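The values are calculated or read from the model by the stated rules, or taken from the named source; none is laboratory data. Values in this document were obtained by computation on a predicted structure and should not be read as measured data. Every residue, glycine as well, gets a Cβ built from its backbone with ideal geometry; the counts of neighbours run over all protein chains shown. All accessible areas refer to the heavy atoms of the entire protein, side chains included, with ligands and DNA or RNA removed. Shrake-Rupley method; radii C 1.70, N 1.55, O 1.52, S 1.80 Å.
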Amino acid sequence: MELTKRDTKMLQGLSVLAMVCLHLFDRYDYDGLFEPLVFLWGYPLSFYFGQLCDFCVMGFAFCSGYAHLAMYRMMTPGEYHRASWKRVMTLYCNYWIILNTFTFVSIVTGQSSHMPGSFWTYLGHVLGVLHTYNESWWYLFTYVILVISSPAILRWILNQHSFTILSVSLLVYVMAFLVRYKTGWDTWLAMQAGKLGMTFFEYVIGAVFCAENVFTKLRSCQHRINKKIDTAGSAVIWLLIFGGLLLGRTLIVPNMIAAPFSGLVILVGFVLIKKPLWLERLFLLLGKHSTNIWLTHLFFYAVIFKDFVYIAKYPILIILFMMMITLGLSSAINALMSPIQKAMSKAK
């Protein structure tokens, strides 16, 4: 059986939780900000999780590639184009609500020099091409480009051998990584090309998984293994894999170039492992609010309310505090978005 909407929503919940963990704890300068309770080989345990959680963009891109190919197969080109337009416009409307809300808050709190700053800076953020207000907003414009270009990408995936597709997109990923992190080119165009090229590879992996029905094959394989190994044994194996990734991504391969590969293992494991109902409901809740958590969380630790969530002191309390704030705020944003989404759904 392939991924369902429920599965992808939980993956989005996992990805946004990883994003928050990455941004809060993937740092060496924690002294004075929060107090880690557990250390391994000189690093806080929270740092290990922060390092491993750099798969967050991979999770969102993977889900998008998977879902887009599934829709592309079921729709006519015209239907897919209209659906894509609605996705982009709905995301922008959601983004504009958040942009203007925090612009107002920034002005009220005496930080107008940063946000909105100049008219042209504000306009660049309205269009989504700038992200100086909130660094995590870089994914917005990258996602829009992928959605706009997705018909060509998906046709290519359906008409070529998967090995060729993955090889070419991996080459693009490596080149984009070098442009983004190693060349020293800091122009907007170079940075955007680097981000797009890296995300393109992660998007393509999701689409290829859909095209090749990979999860059906993996579940079939898992079923055969489960005949030989009981549930407890399977859980131990996955726990060992996760532990290896947790240590390896910090102590052996700390570079984020490995994020798509470690991330893919985590995403696959998350889908295949049987989860208790309460855990599924938790990740479904996070998935429902994932867009708003992504777009708002940075304001409560890096911009406007700098270091605010760190008052919770301990890592587990900090991330719970962040989730309480962003989930509450997301509920209000969703209430404002509700009539817009209804209007979008009726639009032809």
How much accessible surface area, in Å² rounded to 10, belongs to the heavy atoms of Lys227 with a 1.4 Å probe?
-> 150
What does segment 198-348 give for Rg and for Dmax, in Å, if only its C-alpha atoms count?
-> 19.4, 55
When segment 302-348 is reduced to its Cα atoms, the Kirkwood hydrodynamic radius in Å | 12.8
For each pair in Lys5/Lys306; Lys5/Lys346; Lys9/Lys313; Lys182/Lys275; Lys182/Lys274; Lys5/Lys228, compute the distance between the two Cα atoms and list the pairs where it is over 32 Å.
-> Lys5/Lys306; Lys182/Lys275; Lys182/Lys274
Highest-MSF residue in the chain out of Leu277, Leu295, Leu158 [GNM, Cα springs under 10 Å] = Leu277
Counting Lys and Arg as +1 and Asp and Glu as -1 over every other residue whose Cβ sits under 14 Å from the Cβ of Ile340, the net charge comes to +4
So for segment 40-138, what are the equivalent ellipsoid semi-axes in whole Å, largest first, each being the square root of 5 times an eigenvalue of the Cα gyration tensor?
-> 30, 27, 9
Return the calculated 222 nm mean residue ellipticity for the chain, to the nearest 500 deg cm²/dmol, obtained by summing -39500 (n - 2.57) across DSSP H runs with n ≥ 4 and dividing by the residue count.
-> -24500 deg cm²/dmol
What is the calculated FRET efficiency for Val38 to Ile273, with r their C-beta to C-beta distance and R₀ = 25 Å, to the nearest 0.05?
-> 0.55
Rounded to the nearest 0.05, what FRET efficiency do Asp186 and Ile148 give with R0 = 25 Å and r taken as the Cβ-Cβ distance? Could you check?
-> 0.50
The FRET efficiency for Phe119 and Lys228, from their Cβ-Cβ distance with R0 = 45 Å and rounded to 0.05, is 0.10
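Among Glu79, Glu2, what's the order by accessible area (1.4 angstrom probe), most exposed first?
Glu79, Glu2
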Stokes-Einstein D for segment 196-271 at 37 °C, 0.692 mPa s, Kirkwood Rh over Cα pairs, in µm²/s?
-> 233
For the chain, what relative contact order do you get, as a whole percent, if you take Cα pairs closer than 8 Å and at least 6 residues apart?
-> 33
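Please compute, over every Cα-Cα pair in the chain, the percentage with a separation greater than 25 angstrom.
56
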Any chance you could look up the accessible area of Trp85 with a 1.4 Å probe, heavy atoms only, rounded to 10 Å²?
-> 130
At q = 0.18 Å⁻¹, what is the base-10 log of I(q)/I(0) for segment 69-196 according to the Debye formula with one equal point scatterer per Cα and no solvent? Please give it to two decimals.
-> -1.08
Using distinct alpha-carbon pairs, which all enter the 1/r mean, Kirkwood radius of segment 1-84 in Å = 15.1
